[in-house]
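Working notes for the structure below.
The values are calculated or read from the model by the stated rules, or taken from the named source; none is laboratory data. Predicted model, so just to flag it, every value in this text is computed and none were measured. Don't worry about glycine lacking a Cβ; one is built from the backbone with ideal geometry, like all the others, and counts go over all protein chains shown. The protein model used for the area step is the full one, side chains on, heavy atoms only, and it has no ligands, DNA or RNA in it. Shrake-Rupley method; radii C 1.70, N 1.55, O 1.52, S 1.80 Å.
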Amino acid sequence: MMIKERLAKLRELMKREGYTAYVIPTNDFHLSEYTGDYFKERKFMSGFTGSAGTLVVTEDEAGLWTDGRYYIQAERQLEGSTITLFKQGMAGVPMPEDYLAENMKAGDVVGFDGRVIPAKWGMDLETRLKAKGADINGSKNLVDEIWTDRPALPKDKLFILEEKYAGESMAHKVLRLREKMAEYGAGVHILTSLDDIAWLYNLRGNDIANTPVFMAYTMVSSESVLLFIDSDKLTPEIRAYLKENNVEVMPYNAIYEWLTWVDKDEHVLLDLNNVNYAIVKALPAKIENKPNPTTLFKAVKNDTEIENLFKAHIKDGVAVTKFMYWLKTNVSKTEITEISASDYLENCRRKQGCIDLSFPTISAYNANAAMMHYSATPDSNAVLK
């Protein structure tokens, strides 16, 4: 019933704004694959807890798109919600953008929060809809008006990834980035993907579970490096490190105002697939749409990183071996559940120096193992036999 009420409230707000449809993706402002609790709007509005999916709501319909990892889970969680499951990837099932392009007519408006929509996706949909006399509006976040007890944005402190782990200084990474910018004829580079930003600065955070990144935007030119971030995340050590590397710290949300000041004749390097729609709409300059150079840089591991990868895998191998021995020795002697097995494995890993898991352990027994991204709960927690 709660989901139905939220959908009804959303439709009231859509009517107020003149929206025919409203799109709620899984993304945060940086289009991250996984997101923090603040950004789980699709989960809040649909009840579906999977890590991937898109909700589209119209005046008389609602659809949830997700992939094959989550078909079974989504069917269960959407039951009674009035939301139709669209099994993404199945024959005859349109993608959300195709559904919208087919069903919108002249005068209709598709709304969304432009900060969580990929620029390329939004621009392509805009072109398709305008051909039919329809339009898009990415200026409003309607879910924010419904989600009154929304979690706060995280404020965990950052930490420096020392050069003995990174194998390359931040200063050298910025130098390489500027060389690539010059090669592309770009005077400014906008970087918003969190893994790229963490790599560039040799900094890590804890803003997303199992992913050591932090919420920030970056603007690099030939003269300056601007980091847009919540200042509460910065320790005195981090501030000194940034100052030493000639990084100017700006308020997190100030990025949108700064974009409007970029010269209209400037060439700005960015990746339309990895930057949000609102960023592009705020830019008056010429766009050089190319992959973020940092993405290609960090794909090639240096000798230090390779050595540390070996060390990490050896340590993890020890942890998994100890876990398997414990499991096989004790499964017939004492009660072991999906959750207790998962907890034991995590403890083995942490004893080896693990800071955090890279993904919540998929501990699934018997029928639960049919769900590829199953996550055990106290209600579903099966006993291993």
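With N the number of residues in the chain, Rg(Cα) / (2.2 N^0.38 Å) evaluates to 1.09. Loop-resident trypsin sites (Lys or Arg not before Pro) (DSSP state other than H, G, I, E or B) in region 2-107 with no more than 12 further Cβ atoms inside 10 Å of their Cβ: Lys105. Keeping the other protein chains in place, figure out the carbon and sulfur percent of the accessible area of region 60-167, with a 1.4 Å probe. Using a 1.4 Å probe with all protein chains present, region 60-167 comes out at 50 percent carbon and sulfur. Determine the relative contact order of the chain: mean sequence separation of Cα pairs under 8 Å and six or more apart, normalised by residue count, in whole percent. Computed over the chain, the figure is 15 percent. Report the local net charge at Lys9: Lys and Arg +1, Asp and Glu -1, summed over other residues whose C-beta lies under 15 Å from its C-beta. Net charge in that neighbourhood comes out at -1. Secondary structure note: in region 1-109, about 65% of the DSSP beta bridges are antiparallel.
Stokes-Einstein diffusion for region 1-157, with the hydrodynamic radius set to the Kirkwood value over Cα pairs and evaluated at 20 °C in a medium of 1.002 mPa s, equals 135 µm²/s.
Count Lys and Arg as plus one, Asp and Glu as minus one, and take only other residues whose Cβ is under 13 Å from that of Met104; the net charge is then -4.
In whole percents, the pair-distance distribution calculated for region 155-221 from its alpha-carbon pairs, binned every 5 Å from zero, is 4, 17, 25, 24, 17, 9, 4, 1. Mean sequence separation of contacting Cα pairs (under 8 Å, at least six apart), scaled by the length of region 179-277, corresponds to a relative contact order of 32 percent. Counting only lysines at least 8 places from Lys40 when in the same chain, those with an alpha carbon closer than 20 Å to its own are Lys4, Lys9, Lys140, Lys155. Amide H contacts of Gly111: Thr20, Ala21, Tyr22, Val23, Asn137, each under 5 Å away and 5 or more positions distant or on a separate chain (H built 1.01 Å from N in the peptide plane; Pro and chain starts excluded).
List the trypsin sites (Lys or Arg not before Pro) within region 133-187 that DSSP assigns to loop and that have no more than 14 neighbouring Cβ atoms inside 10 Å. When the trypsin sites (Lys or Arg not before Pro) of region 133-187 are filtered for loop state and at most 14 Cβ neighbours within 10 Å, Lys155, Lys157 remain. With all protein chains kept in place, the per residue accessible area of region 32-80 amounts to 41 square angstrom at a probe of 1.4 angstrom. Shown here for region 135-218: GluC sites (Glu not before Pro) in loop regions (DSSP other than H, G, I, E, B) with at most 14 other Cβ atoms within 10 Å, namely Glu162. Ordering Ile229, Ser358, Thr127 by Cα displacement along the dipole of the chain toward the positive end leaves Ser358 in first place; charges were set at the Cβ atoms of Lys, Arg (+1) and Asp, Glu (-1). Candidate cross-link partners of Lys385 among the aspartates and glutamates, defined by an alpha-carbon separation under 15 Å and a same-chain spacing of 8 or more, comprise Glu335, Glu338.
Under 5 Å from the amide H of Thr49 lies no amide H of any residue 5 or more positions distant or on a separate chain, with H modelled from the backbone and absent for Pro and chain starts. Annotation: aspartates and glutamates with alpha-carbon distance below 20 angstrom to Lys120 (same-chain offsets under eight excluded): Asp28, Glu33, Glu97, Asp98, Glu102, Asp135, Asp195, Asp196, Asp271, Glu288.
Among residues other than His189 whose Cβ falls under 14 Å from its Cβ, what is the net charge (Lys/Arg +1, Asp/Glu -1)? Net charge in that neighbourhood comes out at -1.
Short-range pairs are left out: with C-alpha atoms under 8 Å and at least six residues apart, the relative contact order of region 233-372 is 16 percent.
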